[in-house]
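Asker: Sharing a structure below in structure tokens format, with a few things to ask.
The values are calculated or read from the model by the stated rules, or taken from the named source; none is laboratory data. These numbers come from a predicted model, not from an experiment. Here Cβ is always computed from backbone atoms with ideal geometry, including for glycine, and neighbour counts include all displayed protein chains.
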């Protein structure tokens, strides 16, 4: 008998029929004698529908009221899933985020979980109940409903697994697991049987959004074993854990475990920034304060008195960036700024590259051979990212997937 | 400066445009310097849509999970209404039932409000906020979400008016006020400018469902003055209070203030029930335990050893009644039972009839002249109800409305 946390995303509970399928799957896990806690997202398009409703009323809804509104989506799906399980003869209870003891930090629309008081969940386990918990939400110290922001249900699941000291946290999604590249783009992409937290983080941060990065960080911190798998079939998915043996099903050693890409990328550049200490802190501190999530950062580092600073971020932040950079132009001051949103990012990831320093060179050579020009470059110990023209990103991913030996020979035609 | 509680029903907030109109109306009240607390129902068909979703999953959803599901409807409308007010430049905050301090008795789907701890609402008033509160819901002693049952938002509003010691409780609805009969059926029906709690209760209990009866009882108990009015125009509606002067706009004394009817009626009869003390308690105790709301009760009271007991209730209870009566057949025992659902109820109401004993006779005569056969009869100090064939109910209402001098001469053609 184990404690199992399962998480089902919005598409897994997108209709009555799907909810019933998910219910049968949960029942199977419970019937094996496990204590089962299930985190569930809002049904299919519920969140988008609610946002559309809010947009009919105002272009600038107060974040507190958006959280009040959006948190109803999960509350509906937990109730419906509990009904479906009850109809299957299971003992079950649904709990909102606050009933399940999620304490959050009060930052509306992007709250962090501070702690989970899981007494109620454990009490329900003792009564023999399957516990269905609303993901994506918690209550702050003032009794206000907070949401964790998009994709926050993954984090809700991992946090509950930590609090319950669960044996496994299964993340059910609409894909079979984590692939060496996006299988919609790369026909020869292979499913990884295992991947480490760090690799998963790099993959997640770079567009392979099977898991929300924050949830992987939390799993790494508390060493929660994740199993990313499909809610539509019973194939084994991908295990995410510390000491993952990459591609254990293959004999040859893999240096790179996957190729990720992200087309929701734009580049911003500030020209002629004064070269004085603290200037980068000023720029990126202001961007953070304005709620812009910056990804890659490149500073030319010339010896001149003034230099150029570039960074990438998601295209949804265009409005915010324009405002922030206009302000910085005056306060820094800087000469001018430019935005470019016809780019994409391609990355190769793998713990193996720490001991194989030629990976970057190979990556640049492969792209050059394809006639693809590289924009910005950013590296970490286990990943290398480049920006390329968005028209060329498909070709870049395919070429890198082949060059790093990731193609599934069986799938090759 | 006064404390004003306003309640808007589901049709008043059925679309973005209607929510904006309601928001403007609330702002007007706040701008006069009043502290305003607003109870709001779920948008238009939200509750029905959610019930339909649940029915796709199970024919017998657990009441606890239904409450979890249905309470989201009001949570959505409070958030949206708060956004609309914020967009108008108002200071506003929305509160769920549990945030607003509604303590309920734990009876899922038909909970009663035990108390309201209105500290939070008062704190928000002190901050200068308009407070939007989710109707229809509360939290029980175990931290479970309860709903008050259909129409419970009226009761939420009156209870909050009591707790806040409000000066007025305005019930906004899709009709102009309380009429002497259903204006869709009786063209000459007149709006009453005032009506007493008791009369309103009798009207409400008999199909003129402008207000939920429980909310009127509560208003009577605490002497909360209600103003029932349209959310679509600025006409004065109907004031409900203790010392109402009926039809004060008319010179002649009115004995009957209104004619109500209800077509959601069915009759059940138990034949050959043993005539021993406590038998009625047994029958109606069991019906109450099974959740059947019984309305009229008639016992033949013959001198025989066995007698017949009839009662009326809503048609939605057909399944429950069949089960209960089948059980009682064996335990009492009784000879047989019968159900009849082609009937309707017509009632005349008026405090004046206490001093005018001829009202019942007039009513029976008028119906006889129309060739309408009377089934069951039930009387109280201020109302007389009869069941008639449902095909004849329209004719009965029109005839009684005219006979008791309620026709609006101006509207007569």
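Asker: Residue B:4: away from chain A (no Cβ under 14 Å) and at pLDDT 95 or above, yes or no? Can you show your working first?
Answerer: Numbers: away from chain A (no Cβ under 14 Å): yes; at pLDDT 95 or above: yes.
Against the criterion (away from chain A (no Cβ under 14 Å) and at pLDDT 95 or above), residue B:4 qualifies.
This table checks each residue for (1) at pLDDT 90 or above; (2) in contact with a helix residue (DSSP H, G or I) (Cβ under 6 Å, 6 or more places away or on another chain).
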position	(1), (2)
A:202	no, no
A:207	no, no
A:226	yes, yes
A:231	no, yes
A:240	yes, yes
A:251	no, no
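Asker: Residue A:16 - would you say it is closer than 22 Å to residue B:55 by Cβ and either within 11 Å of another protein chain (Cβ to nearest Cβ) or modelled with pLDDT under 95 (or both)?
Answerer: Values: closer than 22 Å to residue B:55 by Cβ: yes; either within 11 Å of another protein chain (Cβ to nearest Cβ) or modelled with pLDDT under 95 (or both): yes.
Yes: the conditions hold for residue A:16.
Asker: Can you tell me which residue among A:304, A:317, A:262 is modelled with pLDDT under 85 and either crowded, with 21+ Cβ neighbours inside 10 Å or on the phi < 0 side of the Ramachandran plot (or both)?
Answerer: Values: A:317 fails: modelled with pLDDT under 85; A:262 fails: modelled with pLDDT under 85.
Answer to the selection: A:304.
Asker: Among the candidates A:175, A:210, A:224, which residue alone is under 27 Å from residue A:119 (Cα atoms), under 18 Å from the mean Cα position of the chain (by Cα) and not in a strand (DSSP E or B)?
Answerer: Numbers: A:175 fails: under 27 Å from residue A:119 (Cα atoms); A:210 fails: under 27 Å from residue A:119 (Cα atoms).
Checking each option against the conditions leaves just A:224.
Asker: Against the conditions (1) modelled with pLDDT of 90 or more; (2) surrounded by 15 or more Cβ atoms within 10 Å (Cβ to Cβ), where does residue A:383 fall short? Just the number, please.
Answerer: Only one criterion is unmet by residue A:383, namely (1).
Asker: I want to confirm something. Restricting to region A:75-94 and keeping residues that are without any contact (Cβ under 8 Å) to a residue 40 or more places away in the chain and crowded, with 24+ Cβ neighbours inside 10 Å, which single residue is nearest to residue A:162 (Cα to Cα)?
Answerer: A:93
Asker: Hey, does region B:183-194 have a residue that's within 15 Å of the chain's Cα centre (by Cα), surrounded by 21 or more Cβ atoms within 10 Å (Cβ to Cβ) and either at pLDDT below 90 or over 25 Å from residue B:266 (Cα atoms) (or both)? Walk me through how you get there before you give the answer.
Answerer: Step one: of region B:183-194, the residues within 15 Å of the chain's Cα centre (by Cα) are none.
The answer is no, given that none of the residues of region B:183-194 is within 15 Å of the chain's Cα centre (by Cα), surrounded by 21 or more Cβ atoms within 10 Å (Cβ to Cβ) and either at pLDDT below 90 or over 25 Å from residue B:266 (Cα atoms) (or both).
Asker: Within region B:58-74, restricting attention to residues that are surrounded by fewer than 23 Cβ atoms within 10 Å (Cβ to Cβ) and in a helix (DSSP H, G or I), which residue is farthest from the other protein chains (Cβ to nearest Cβ)?
Answerer: B:63
Asker: Being buried (at least 19 other Cβ atoms within 10 Å of the Cβ) and farther than 30 Å from residue A:90 by Cα, is that true of even one residue in region A:163-179? Please lay out each step first, then the result.
Answerer: We begin by selecting, within region A:163-179, every residue buried (at least 19 other Cβ atoms within 10 Å of the Cβ); these are A:163-164, A:166, A:169-173, A:175, A:177-179.
If we keep only those that are farther than 30 Å from residue A:90 by Cα as well, we get A:178-179.
The answer is yes; a qualifying residue exists.
Asker: Hey, another quick one. Consider region A:23-45. How many of its residues are crowded, with 23+ Cβ neighbours inside 10 Å and either in a strand (DSSP E or B) or under 23 Å from the mean Cα position of the chain (by Cα) (or both)? Full working, then the answer.
Answerer: Residues of region A:23-45 crowded, with 23+ Cβ neighbours inside 10 Å: A:23, A:26, A:35-43.
Still in the running and either in a strand (DSSP E or B) or under 23 Å from the mean Cα position of the chain (by Cα) (or both): A:35-43.
Total meeting the criteria: 9.
Asker: Could you please find all residues in region B:365-377 being within 13 Å of residue B:403 (Cα to Cα), touching a residue at least 12 places away in the same chain (Cβ under 8 Å) and surrounded by 11 or more Cβ atoms within 10 Å (Cβ to Cβ)? Please lay out each step first, then the result.
Answerer: First, the residues of region B:365-377 that are within 13 Å of residue B:403 (Cα to Cα): B:365-370.
Checking which are touching a residue at least 12 places away in the same chain (Cβ under 8 Å) leaves us with B:366-367, B:369-370.
B:366, B:367, B:370 - these are the residues of region B:365-377 that are within 13 Å of residue B:403 (Cα to Cα), touching a residue at least 12 places away in the same chain (Cβ under 8 Å) and surrounded by 11 or more Cβ atoms within 10 Å (Cβ to Cβ).
Asker: A follow-up question, please. Taking region B:109-130 as the search range and keeping residues that are within 13 Å of another protein chain (Cβ to nearest Cβ) and within 25 Å of the chain's Cα centre (by Cα), which one is surrounded by the fewest Cβ atoms within 10 Å (Cβ to Cβ)?
Answerer: By that ranking, first place goes to B:117.
Asker: Related question: Please specify each residue of region A:83-107 satisfying the condition of being more than 9 Å from chain B (Cβ to nearest Cβ), out of contact with any helix residue (DSSP H, G or I) (no Cβ under 8 Å at 6 or more places or on another chain) and closer than 24 Å to residue A:64 by Cβ.
Answerer: A:103, A:104, A:105, A:106, A:107
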